[in-house]
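Chemist: Here it is, the structure in full.
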Amino acid sequence: MDMLLYLGVLPVGISSAGFMVKGLARQGLDKALEKRDVRAAESSSTVISEDHVMAAVPGVLLAGHINLGIGLDARELLAASAAPPRPALSTRFRDAQSLPIRVSAAEQLDELEVIGEREQGIDTGVLERRALALLSPVLDELLAAVAVVLPPLKSRDEIVVAGLRRSDEGHIDNVLTIELLVASNWSDALLHWLRDWLAQRAIETGIDARRFDVSIKVMGDAAEVWQHVSQLNEVLATNAVRWHLLLACDSSIDPNVINAWQANGLLATSRNPDGKVPGEGAAGVLLASPGLAREKCGLLWGPHSLTDEALRSARPAERRRQLAAAATQWTHALAFDGQSIQFVLHDAGQGSEEIVDAALVATAMNPDFEFGTGSLSLAACAGELGPVFPVAQLALALEQIQRKSESVLVLAGAKAQQQVLTLVSAGSSNQAASLSSIT
């Protein structure tokens with residue numbers, strides 16, 4: 001059956017992948033996952049400790065927003081998942097044969113909206129200016145959401161000290177972190193300016209400067225971002241009252257970036273269709289402590305790595321078998337109802353080998369799942385997004401929860417064979433007490 005899966009599914013892409021894998025699942029995938037090769041599963045480092053998983057507490061997603069070069073907001077992009085748009089051929093950028101390349105670039109973007117070519121003695125690059133211009137509306141949207149959820153400060157009483165009246169400020173807790181993720185090719189000098197800019201925008205929104213801190217982090221790749229999100233979940237679980245605004249922005253719509261990709265054979269062209277497609281965008285999500293769940297929020301379970309070095313070097317059939325087993329075991333340990341998973345966000349390219357992995361994992365968890373019509377590859381729509389990609393996936397997952405109140409499976413790391421699995425389920429204010437009691 002593994003051989004049939006490999007030879008039959010790959011040539012036909014997403015729709016046939018969903019059909020064939022679903023057929024396999026109905027013919028006994030559940031039984032196979034429960035009974036077959038128990039010893040192999042126990043010896044694999046992909047198998048996880050059930051006690052550890054049961055002790056895990058989900059993070060809370062309160063708000064999300066995206067602004068991608070594709071030009072669609074989260075709701076529009078999810079609504080178009082059955083026939084998603086693709087990056088367009090560029091009239092500006094061409095390959096070595098003078099043929100136009102595909103890019104996902106924001107139209108009519110004013111790249112000087114936030115920062116100029118030279119700011120306070122700092123020279124800026126095209127990619128930095130475009131990324132910040134895309135970030136600005138995302139920041140405005142989410143700072144407004146922060147201002148709504150933060151509890152109001154207590155009124156300040158006037159007291160008399162040595163015959164003088166002064167306002168009794170009291171103690172004001174720092175309850176919010178505003179964090180921006182950028183790629184490693186950003187200027188170090190610009191990072192200090194960014195910190196001040198973010199702080200000023202928050203203050204202009206009406207957030208007291210004593211209630212938040214600002215952090216800028218440089219991320220190497222999407223896998224590093226997922227690891228960071230996992231760590232954030234753990235930190236938030238240990239805090240009774242804490243919010244974290246996670247932002248990311250990036251752009252590869254820059255002649256220097258595109259020329260470098262082309263010189264190194266990384267650019268997607270007619271001769272190298274599997275290369276990188278230049279893209280750009282910004283995204284953000286507002287995370288919170290478990291006890292701060294609200295109506296129409298999302299519960300973030302994971303991220304959890306499904307692969308290790310041994311699994312990445314395994315033959316395709318064995319790798320897929322173990323991926324499905326590891327994913328199923330993780331959700332069973334969470335006591336998560338796989339049948340509730342009705343949508344998948346993934347990063348596999350259309351017609352690629354990796355899409356079979358994504359389809360197999362999804363149908364292992366829910367054999368009745370229609371992968372062909374219930375999934376979306378953000379990577380195929382928006383091109384390369386750098387550190388923005390994981391944050392955008394979380395924002396899309398939250399939007400899907402709010403649209404249909406159905407759990408979303410998020411899969412990433414397809415190209416690097418470092419599969420990361422995340423579950424986002426619907427949450428509510430009624431769950432706040434039970435979640436906070438776990439911590």
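The values are calculated or read from the model by the stated rules, or taken from the named source; none is laboratory data. Just so we're clear, the structure is a prediction, and the values are computed from it rather than from any experiment. FYI the Cβ positions are ideal-geometry reconstructions off the backbone, even for glycines, and counts take in every protein chain you see. All accessible areas refer to the heavy atoms of the entire protein, side chains included, with ligands and DNA or RNA removed. Shrake-Rupley method; radii C 1.70, N 1.55, O 1.52, S 1.80 Å.
Chemist: Looking at segment 85-113 only, could you name the residues that are out of contact with any Gly (no Cβ under 6 Å at 6 or more places or on another chain) and open to solvent by less than 30 Å² (accessible area, probe 1.4 Å)?
Modeler: Matches in segment 85-113: Ser90, Phe93, Asp95, Ile101, Val103.
Chemist: Moving on to the next point. Where residues in segment 246-301 are more than 21 Å from the chain's Cα centre (by Cα) and of a type in the set (Ser, Thr, Tyr), which of them is most open to solvent (accessible area, probe 1.4 Å)?
Modeler: Out of the qualifying residues, it is Ser270.
Chemist: Checking the condition at pLDDT 95 or above, in a helix (DSSP H, G or I) and under 14 Å from Val388 (Cα atoms), which residue from Glu128, Glu141 passes?
Modeler: Selected residue: Glu128, the only one of Glu128, Glu141 that is at pLDDT 95 or above, in a helix (DSSP H, G or I) and under 14 Å from Val388 (Cα atoms).
Chemist: Something else about it: Between a residue in segment 355-375 that is under 11 Å from Arg320 (Cβ atoms) and in contact (Cβ under 8 Å) with a residue 12 or more places away in the chain and any residue that is of a type in the set (S, T, N, Q) and crowded, with 24+ Cβ neighbours inside 10 Å, which pairs come within a Cβ distance under 7 Å, given they are 6 or more apart or on different chains?
Modeler: Asp357/Gln419
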